[in-house]
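The next block holds one structure in the form of structure tokens; read it before the comments.
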Amino acid sequence: MFLTNILLKKAKSKNILVMMESAVSGHQFSMIRERLADKLEVIRFDPFIQRMSLYRERKRLRSLN
């Protein structure tokens with residue numbers, strides 16, 4: 001391994017963009033969380049059913065700087 005490969009190695013980002021999905025209707029939105037944090041669960045207004053609903057993290061979309 002060359003010294004330049006070590007110097008040019010990219011650092012991992014601190015935050016990631018994740019897809020949140022409603023447990024009731026399937027409505028989705030994206031949210032930012034820290035890479036090392038636990039998976040998110042949030043209670044938020046669901047426009048499909050016009051009530052508060054539980055949203056769970058479904059998948060990771062991309063890394064953010």
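Restricting to the range 20-37, count the residues that are in contact with a strand residue (DSSP E or B) (Cβ under 7 Å, 6 or more places away or on another chain) and open to solvent by less than 70 Å² (accessible area, probe 1.4 Å).
First, the residues of the range 20-37 that are in contact with a strand residue (DSSP E or B) (Cβ under 7 Å, 6 or more places away or on another chain): 20-25, 27-35.
Narrowing further to those that are open to solvent by less than 70 Å² (accessible area, probe 1.4 Å): 20-23, 25, 27, 29-31, 33, 35.
Count: 11.
Collect the residues in the range 38-65 that are open to solvent by less than 50 Å² (accessible area, probe 1.4 Å), hydrophobic (A, V, I, L, M, F, W, C) and in a strand (DSSP E or B), keeping them in residue-number order. Steps first, please.
Within the range 38-65, the first condition is being open to solvent by less than 50 Å² (accessible area, probe 1.4 Å), and the residues that meet it are 40, 42, 46, 53, 55, 57, 63-64.
Then keep just the ones that are hydrophobic (A, V, I, L, M, F, W, C); that gives 40, 42, 64.
Matches in the range 38-65: V42, L64.
Return yes or no: is K9 among the charged types (D, E, K, R), open to solvent by 100 Å² or more (accessible area, probe 1.4 Å) and at pLDDT below 95? Break it down into steps so the answer makes sense when it comes.
Details: among the charged types (D, E, K, R): yes; open to solvent by 100 Å² or more (accessible area, probe 1.4 Å): yes; at pLDDT below 95: yes.
Yes; evaluated as a whole, the condition is true for this residue.
The values are calculated or read from the model by the stated rules, or taken from the named source; none is laboratory data. Small disclaimer: the values here were computed from a predicted structure and weren't measured. Positions of Cβ are generated from backbone atoms using ideal geometry, with glycine treated the same way; all protein chains shown enter the neighbour counts. In case anyone asks, the SASA skips ligands and DNA or RNA and just uses the protein heavy atoms, side chains included. Shrake-Rupley method; radii C 1.70, N 1.55, O 1.52, S 1.80 Å.
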